[in-house]
Amino acid sequence: MLPLFLSAVLALGSFTVHSPGDDDKLIKKARKIHQHVLTLDTHADAPIMMQKPGFDVGASHDTKRDGSQIDFPRMKKGSMDAMFFAVYTSQGPRTDEGHAEAKRNALNQFDLIHQGLKKHPDQAELATTPADAYRIKKAGKRAVFIGMENGYPVGKDLSMLKTYYDLGCRYMTLTHFANNLIGDSSTDPDGPIYGGLSDFGKQVVPEMNRLGILIDVSHVADSTFYDALALSKAPVIASHSNCRAICDFPRNMTDDMIKAIAAKGGVVQVNFVSDYLKKPSDANRAAKTKIRMARVGKVVTPEMEARMTAMSDSVSKVYASERASLSDIVDHIDHIVKLVGIDHVGIGSDFDGGGGVNGLEDVSEIENLTVELVRRNYSEADIAKIWGGNLLRVLGQAKVGR
């Protein structure tokens, strides 16, 4: 009599037999690699959860219970050595009042990150350089870098870039879901304003180069992308973007854009948002787009945020069968590697900001990605580049004088 599991496989038709021992060896190999290399994620929206009353980033949480995907204990459990915590502000009104509120919001998030690190010095430290990341890993702690998602809090004041740099900011996403004073977004419902970077945006990019803040082109319109790439003297990054050739969406990078980033020495960090990995049905995408754009141009109240969260949870349940998998993430990595080589791809999960796929629900499960990379025959040297080496190389080149 056949074993029950084999009978089930035979009933499915054609199959390939893999010895359980072979899989055990692969997982053991992947675990060894995962522990050895420096793992770095360039886009983690942990501050979204850290703003919630009572949330302690130094305590272990449960994704199923509170929806959070990141904390220091789960980073340790998953052997996630370093993450860029993103200071995120949704795009509100482009007014003096709107910019003042965005600055207040951003400064509060910087403070929350610093306070979390101060409260748990035995678990994590602030990192601002590649050397910091390696030193902190060696000490057995988590390295927390800081990035900014959306240049909205800069407002009209170029000097705010220095303020954010001094607080630890090492990359800034020029725009988010809508246009701001820096440039056009890839998804503004009203279309472009400037046809790329604004005149102010053309001052922002060289100032970021001067300070050593990486230019992040995730979320920007294609025209803004090419303007920023041409103007920047340093390599640029896409901190959390995927491939448009696999999943056609304006937020993703075309093959020509990926080639242009690589030609300048930059890197594309693949993210875990399901509908940027795998094209959803029209109804699914329309529902998610409606939720995302509901915040645009508005001052977001706690009541509105709660309403949007409830709607998002409902949509996720309705379209659960369309959710992407771990394999889809590596499909995008494969595409970039085949297009421009191993030196121009990395990881930007978007955990706590919509990231998460079947097989990878939170940061404690991040080793599963390394297992899939090993399964696809990536070497340890390759995996070291994907998991952090490429991004840290680029970070070391961020500061370029005028």
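The values are calculated or read from the model by the stated rules, or taken from the named source; none is laboratory data. Please read these numbers as outputs of a predicted model, since none were measured by experiment. Positions of Cβ are generated from backbone atoms using ideal geometry, with glycine treated the same way; all protein chains shown enter the neighbour counts. Side chains included, ligands, DNA and RNA excluded: accessible areas come from the protein's heavy atoms. Shrake-Rupley method; radii C 1.70, N 1.55, O 1.52, S 1.80 Å.
Return yes when Ala178 is over 18 Å from Asn209 (Cβ atoms), open to solvent by less than 10 Å² (accessible area, probe 1.4 Å), assigned to a strand (DSSP E or B) and in contact (Cβ under 8 Å) with a residue 60 or more places away in the chain and no when it is not. First the steps, then the outcome.
Working: over 18 Å from Asn209 (Cβ atoms): yes; open to solvent by less than 10 Å² (accessible area, probe 1.4 Å): yes; assigned to a strand (DSSP E or B): no; in contact (Cβ under 8 Å) with a residue 60 or more places away in the chain: yes.
No; evaluated as a whole, the condition is false for this residue.
Can you pull out the residues in region 230-259 that are more than 17 Å from Asp41 (Cβ to Cβ) and open to solvent by less than 20 Å² (accessible area, probe 1.4 Å)? So that I can check it myself, show each step before the final result.
Kept after step one, since they are more than 17 Å from Asp41 (Cβ to Cβ), are these residues of region 230-259: 230-236, 243-259.
Within region 230-259, Ser232, Ala234, Pro235, Val236, Cys243, Cys247, Arg251, Asn252, Met253, Met257, Ile258 qualify.
What number of residues within region 181-192 satisfy the criterion of being farther than 13 Å from Ala228 by Cβ and buried (at least 17 other Cβ atoms within 10 Å of the Cβ)?
Counting residues in region 181-192 that are farther than 13 Å from Ala228 by Cβ and buried (at least 17 other Cβ atoms within 10 Å of the Cβ) gives 3.
How many of the residues in region 82-103 are within 17 Å of the chain's Cα centre (by Cα) and open to solvent by 10 Å² or more (accessible area, probe 1.4 Å)? Don't jump to the end; show me each part of the working.
Our first condition is that a residue be within 17 Å of the chain's Cα centre (by Cα); within region 82-103, this holds for 82-90.
So of that shortlist, the ones also open to solvent by 10 Å² or more (accessible area, probe 1.4 Å) come out as 88, 90.
Final tally of qualifying residues: 2.
Hey, can you tell me all the residues within region 41-61 that are without any contact (Cβ under 8 Å) to a residue 40 or more places away in the chain and either open to solvent by less than 10 Å² (accessible area, probe 1.4 Å) or on the phi > 0 side of the Ramachandran plot (or both)?
The one that is without any contact (Cβ under 8 Å) to a residue 40 or more places away in the chain and either open to solvent by less than 10 Å² (accessible area, probe 1.4 Å) or on the phi > 0 side of the Ramachandran plot (or both): Gly54.
For region 150-175, name all the residues that are of a type in the set (A, V, I, L, M), out of contact with any strand residue (DSSP E or B) (no Cβ under 6 Å at 6 or more places or on another chain) and either open to solvent by 10 Å² or more (accessible area, probe 1.4 Å) or in a loop (DSSP other than H, G, I, E, B) (or both).
Leu158, Met160, Leu167, listed by residue number.
Conditions first: (1) out of contact with any Asp or Glu (no Cβ under 7 Å at 6 or more places or on another chain); (2) free of Cβ contacts under 8 Å to residues at least 60 places away in the same chain; (3) open to solvent by less than 50 Å² (accessible area, probe 1.4 Å); (4) more than 30 Å from Leu158 (Cβ to Cβ). Lys64 passes all but one, so which condition is the exception?
Single failed check for Lys64: (3).
Considering only region 94-149, state which residues are more than 26 Å from Asp188 (Cα to Cα), touching a residue at least 60 places away in the same chain (Cβ under 8 Å) and part of a helix (DSSP H, G or I).
Leu112, Ile113, Gly116, Lys119, Pro130, Ala133, Tyr134, Lys137, listed by residue number.
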